[in-house]
Amino acid sequence: MNGISRRIRKLEERLGPPGETAFTRRLRERLAARRWRVAEARAREELGPPETGPCLRPGAGGFSKQ
């Protein structure tokens, strides 16, 4: 039973989600701050509702190669 547990733990370590790095932590903090600033600007009516633009995914419209 110990061998199976060890193998499972090794697989989880290898295939599991990567640990948080300083870069991802800063990125997450920056995105949260940006969302907060946008919400505050909308509350002060300095910023309108989000605009919908063209779809930019390849093959889903204007950028397909033919």
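The values are calculated or read from the model by the stated rules, or taken from the named source; none is laboratory data. What you see is a predicted model; the values in this text were computed from it and never measured. FYI the Cβ positions are ideal-geometry reconstructions off the backbone, even for glycines, and counts take in every protein chain you see.
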Close pairs from region 21-49: first without any contact (Cβ under 8 Å) to a residue 24 or more places away in the chain and surrounded by 10 or more Cβ atoms within 10 Å (Cβ to Cβ), partner outside any helix (DSSP H, G or I) and not acidic (Asp, Glu), Cβ under 8 Å, at least 6 apart: Val38/Leu47; Ala41/Leu47; Arg42/Gly48; Arg42/Pro49
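Listed here are the residues, each with its yes/no results for (1) in a loop (DSSP other than H, G, I, E, B); (2) modelled with pLDDT of 90 or more; (3) aliphatic (A, V, I, L, M).
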{"position": "Gly3", "(1), (2), (3)": "no, no, no"}
{"position": "Arg6", "(1), (2), (3)": "no, yes, no"}
{"position": "Pro18", "(1), (2), (3)": "yes, no, no"}
{"position": "Trp36", "(1), (2), (3)": "no, yes, no"}
{"position": "Pro54", "(1), (2), (3)": "yes, no, no"}
{"position": "Pro58", "(1), (2), (3)": "yes, no, no"}
